[in-house]
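See below for the structure under consideration.
The values are calculated or read from the model by the stated rules, or taken from the named source; none is laboratory data. The structure displayed is predicted, hence computed values, not measured ones. Here the Cβ is made from the backbone with ideal geometry for all residues, glycine too, and neighbour counts use every protein chain on show. The protein model used for the area step is the full one, side chains on, heavy atoms only, and it has no ligands, DNA or RNA in it. Shrake-Rupley method; radii C 1.70, N 1.55, O 1.52, S 1.80 Å.
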Amino acid sequence: MIRFLCIYILLILGMPCLAQQTKESKLQTTDYSSKVWTPLFEQLCDYDDIEERGIEDMFEQLCELEDAPIDLNTATEEDLQRLFFLSAKQREDLTEYLDRYRPLRSMGELALVESLDPLRKELIESFCYISEATEKRQFPTLKQIAKHGKNELVAAMQVPLYEREGDRNGYLGYKYKHWFRYSFKYGDYVKAGLTGAQDAGEPFFSNCNRWGYDHYAYYVLVRKLGRFKSIALGQYKLRLGLGLAMNTGFTLGKTAVATMSIPTNAIAANSSRSEAYYLQGAAATVGITKHLDATAFVSYRKTDATLNDDGTVKTLLRTGYHRTQSEIERRHNTSQLTTGGNINWQAHGIRIGATAFYTTFDRELKPNEKQVYQKYAPRGKAFCNASLYYAYTHHRFAFSGETAINGEAALATLNTITFQACSNLQLTVIQRYYSYRYHSLFSAAFSDGGRIQNENGVYAAVAWQPHKKLALTAYTDYAYHAWPRYRVSAASHSWDNMLQTRYQPNHKWTLTARYRLRLSQQDYKESDNAKALLADKNEHRARLSAAYQSGAWSTKTQIDAAYTSVAPPHSDPTESKGWMIAQTAAMRLGIFTLAANAGYFHTDNYQSRLYTYERSTLYNFTFPVFFGEGMRGAILLRADITPNLTVIGKAGTTKYFDRNHISSSLQQIDKSHKTDIDLQVKWKF
């Protein structure tokens with residue numbers, strides 16, 4: 001293992017000898033060290049719901065979009081759909097402005113699009129650019145692609161300076177986590193890549209991984225090839241409509257949900273290191289007429305599953321871990337075939353589309369019927385889903401929705417309306433009804449419980465900018481769950497509320513304040529033999545932050561607080577509280593960028609846990625959770641050795657004052673502290 005580690009590090013550090021000194025175009029000089037859009041992106045995400053899937057995939061897509069930005073002077077409507085942080089009204093207004101006034105001369109012209117608030121304008125500047133060319137571009141020839149295409153290779157490794165229980169006895173591989181990603185791009189026309197990922201504890205070039213890495217992602221994506229708007233081969237992600245039936249990508253939290261409530265058809269390459277939520281095969285979208293297009297897709301892949309004694313599937317697994325013999329036995333033991341299509345028509349602000357697909361497994365799905373919340377889980381070998389989505393965008397309001405059914409004729413519907421009362425005030429209302437009998441294996445859309453099943457609710461939000469320096473955002477969301485859920489053994493309800501303010505007195509200072517109140521219910525047992533009762537759970541969370549940026553220097557101070565109360569029937573409530581203060585700073589000096597963060601946290605238990613963003617290596621979105629008492633510190637050093645070569649190193653440590661070991665079972669560390677070192681290199685050629 002030591003020999004392998006030394007070789008891997010030498011390969012990373014030796015890449016400067018291989019780097020070619022080529023002149024980079026303006027589009028290929030993205031400065032990941034600054035990540036000017038990251039603080040803005042944080043404001044759009046609901047990090048109190050960080051456990052929801054897709055946050056890493058969403059961050060990766062933004063990193064890739066930053067590295068291959070959109071040319072506003074040649075952008076099509078499909079290009080602008082990739083700017084998912086825009087609302088339907090903002091996207092429509094931007095499209096209309098571009099159609100009327102192109103070619104643009106500077107980004108400053110976006111100030112004339114009234115519905116774009118300062119936050120979205122800054123985000124657009126991070127992911128778009130303005131070219132001097134105004135002629136319509138044609139699909140490149142193979143010679144042009146081969147000659148002018150850009151290659152990128154990223155390799156990374158995480159070295160833990162500690163041992164887990166599984167590292168000593170249990171895991172079949174070494175304790176190091178590493179991955180690589182190779183990608184080839186020619187503008188936004190052609191993209192191909194290969195990703196290999198290895199989690200700590202998984203065997204490498206041994207056992208079930210004779211071909212090296214535990215997971216490989218591979219793809220070819222072609223766009224704007226004549227009538228073909230998109231063609232994907234290999235692994236890909238697919239979003240159709242609002243995602244009630246088909247969405248293997250991501251969804252944003254409630255703070256920015258209005259921007260995701262837009263029917264969108266998108267085929268994206270899967271370069272993720274996650275083994276879940278992707279399709280494998282082929283997909284294509286073709287323009288039949290100017291306003292009508294069709295999408296067809298087929299997928300066949302192996303998936304992990306826990307089996308019953310009779311060989312049926314008890315649970316489909318999404319973790320992707322293959323560290324122990326039992327985990328390896330569950331690896332790729334079930335086959336899944338999916339095929340379907342979509343037709344979409346849009347014109348004059350109206351969009352109508354329909355989706356239908358069929359999925360079959362080689363094993364029967366047979367979840368545990370003794371668990372009451374599993375009664376309406378997918379069951380059987382074959383499943384079908386269909387949906388109809390619709391939208392209309394007016395200069396003052398936008399309406400959209402989708403209604404889906406499954407093979408048992410169970411219904412799910414999601415409808416949203418956004419009203420632009422004036423240029424600085426936007427109102428949004430979302431209604432959804434997801435039957436407890438409805439299920440789709442590929443759905444991801446707005447919800448409170450994280451699943452498109454067993455939920456009926458109403459959400460209302462307001463975004464108001466009373467002054468150019470001040471922005472206010474608030475929402476309230478009520479949801480009712482008619483059938484028992486995991487850890488909730490009866491019908492239940494929840495009520496979620498949030499208020500956030502952002503004040504920028506000048507271009508250097510940004511002050512934010514946020515408060516969230518969430519009321520929900522959960523199981524409570526007075527004794528082991530007592531019947532499960534529902535207890536009321538109240539969560540209060542608050543955040544204050546002050547950020548300063550001037551030139552190459554930036555700093556941020558943040559204070560978080562949490563208070564949780566669980567009140568069972570006929571008993572006194574149990575309380576949990578916690579707080580955390582964190583400081584981050586970053587500066588750039590020549591080819592070097594140095595970033596550091598430190599924080600102290602003190603919570604009573606996991607119920608009052610806290611999160612804070614931490615700058616990390618490329619394509620990693622780090623938002624760790626803290627509970628108990630301790631300190632967290634990290635330092636990151638980045639060196640842009642050449643325009644084509646970047647080397648990054650990070651060291652982070654967490655020290656707990658209230659325990660002598662961390663985690664449990666095979667993940668247990670017999671120390672009160674843990675330190676990880678991350679090494680990464682990016683080479684463009």
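When the residues of segment 160-170 are narrowed to those that are in contact with a Leu (Cβ under 7 Å, 6 or more places away or on another chain) and of a type outside the set (Lys, Arg), which ends up farthest from ILE677 (Cα to Cα)?
Residue satisfying both the conditions and the ranking: GLY170.
Select from segment 610-629 the residues that are touching a Ser or Thr at 6+ places or on another chain (Cβ under 6 Å) and touching a residue at least 24 places away in the same chain (Cβ under 8 Å) and write down the one among them that is nearest to GLU60 (Cα to Cα). Let's see the steps before the verdict.
The initial filter retains those residues of segment 610-629 that are touching a Ser or Thr at 6+ places or on another chain (Cβ under 6 Å), namely 614, 616, 622, 627.
Next, from what is left, pick out any that are touching a residue at least 24 places away in the same chain (Cβ under 8 Å): 614, 616, 627.
Details: GLU614: 16, SER616: 13, PHE627: 27 Å.
Per the stated criteria, the residue is SER616.
State the number of residues belonging to segment 76-89 that are in contact with a strand residue (DSSP E or B) (Cβ under 9 Å, 6 or more places away or on another chain), closer than 20 Å to ASP117 by Cβ and in contact (Cβ under 8 Å) with a residue 24 or more places away in the chain.
The number of residues fulfilling the criteria is 7.
Say whether the condition of being outside any loop (DSSP other than H, G, I, E, B) and within 25 Å of the chain's Cα centre (by Cα) is met by at least one residue in segment 562-578.
yes
Return the residue satisfying two criteria in turn: it lies in segment 548-562 and is surrounded by fewer than 18 Cβ atoms within 10 Å (Cβ to Cβ) and hydroxyl-bearing (Ser, Thr, Tyr), and of such residues it is modelled with the lowest pLDDT.
Once the filter is applied, the top-ranked residue is SER550.
Are there strands (runs of 3 or more DSSP E) fully within segment 307-424 with at least 1 residues that are in contact (Cβ under 8 Å) with a residue 24 or more places away in the chain and of a type in the set (Gly, Ala, Ser)? List them.
334-347, 350-365, 380-393, 397-406, 411-422
Considering segment 458-468 alone, what residues qualify as being over 13 Å from TRP495 (Cβ atoms), open to solvent by 70 Å² or more (accessible area, probe 1.4 Å) and touching a residue at least 24 places away in the same chain (Cβ under 8 Å)?
The answer is TRP464, LYS468.
Any residue at all in segment 493-503 that is more than 19 Å from ASP560 (Cα to Cα) and either in a loop (DSSP other than H, G, I, E, B) or not hydrophobic (A, V, I, L, M, F, W, C) (or both)?
The answer is yes; a qualifying residue exists.
Could you please find all residues in segment 504-523 being in a strand (DSSP E or B) and over 25 Å from ALA561 (Cβ atoms)?
Of everything in segment 504-523, just one residue is in a strand (DSSP E or B) and over 25 Å from ALA561 (Cβ atoms), namely ASP523.
Would you confirm, using the coordinates I've provided, whether LEU337 is under 19 Å from MET246 (Cβ atoms) and either crowded, with 17+ Cβ neighbours inside 10 Å or acidic (Asp, Glu) (or both)?
no
What pairs come up if the first residue lies in segment 473-502 and is at positive phi, the second is open to solvent by 40 Å² or more (accessible area, probe 1.4 Å) and among the acidic types (Asp, Glu), and their beta carbons are under 7 Å apart, counting only those six or more places apart or on different chains?
ARG487/ASP523
When you look at SER131, is it assigned to a loop (DSSP other than H, G, I, E, B), among the small types (Gly, Ala, Ser) and surrounded by fewer than 18 Cβ atoms within 10 Å (Cβ to Cβ), yes or no? Steps first, please.
Details: assigned to a loop (DSSP other than H, G, I, E, B): yes; among the small types (Gly, Ala, Ser): yes; surrounded by fewer than 18 Cβ atoms within 10 Å (Cβ to Cβ): yes.
In short, yes.
Out of all the residues in segment 445-457, is one or more of a type in the set (Phe, Trp, Tyr), in contact (Cβ under 8 Å) with a residue 12 or more places away in the chain and not in a strand (DSSP E or B)?
Yes.
Kindly evaluate ASP536 against the criterion of being more than 27 Å from the chain's Cα centre (by Cα) and acidic (Asp, Glu).
Against the criterion (more than 27 Å from the chain's Cα centre (by Cα) and acidic (Asp, Glu)), ASP536 qualifies.
Tell me which residues, restricted to segment 577-595, are buried (at least 16 other Cβ atoms within 10 Å of the Cβ) and within 19 Å of ALA547 (Cβ to Cβ).
MET580, ILE581, ALA582, THR584, ALA586, ARG588, THR593, ALA595
Could you grab me the full set of residues in segment 85-95 that are out of contact with any Leu (no Cβ under 8 Å at 6 or more places or on another chain) and either at pLDDT 85 or above or assigned to a loop (DSSP other than H, G, I, E, B) (or both)? Even if it seems obvious, please write down each step before you answer.
Taking segment 85-95 and keeping what is out of contact with any Leu (no Cβ under 8 Å at 6 or more places or on another chain), we get 87-89, 92.
Hit for segment 85-95 is SER87, nothing else.
Looking at segment 596-618 only, could you name the residues that are among the polar types (S, T, N, Q) and either closer than 17 Å to ALA651 by Cα or crowded, with 16+ Cβ neighbours inside 10 Å (or both)?
Our first condition is that a residue be among the polar types (S, T, N, Q); within segment 596-618, this holds for 597, 603, 605, 607-608, 612, 616-617.
ASN597, THR603, GLN607, SER608, THR612, SER616, THR617 - these are the residues of segment 596-618 that are among the polar types (S, T, N, Q) and either closer than 17 Å to ALA651 by Cα or crowded, with 16+ Cβ neighbours inside 10 Å (or both).
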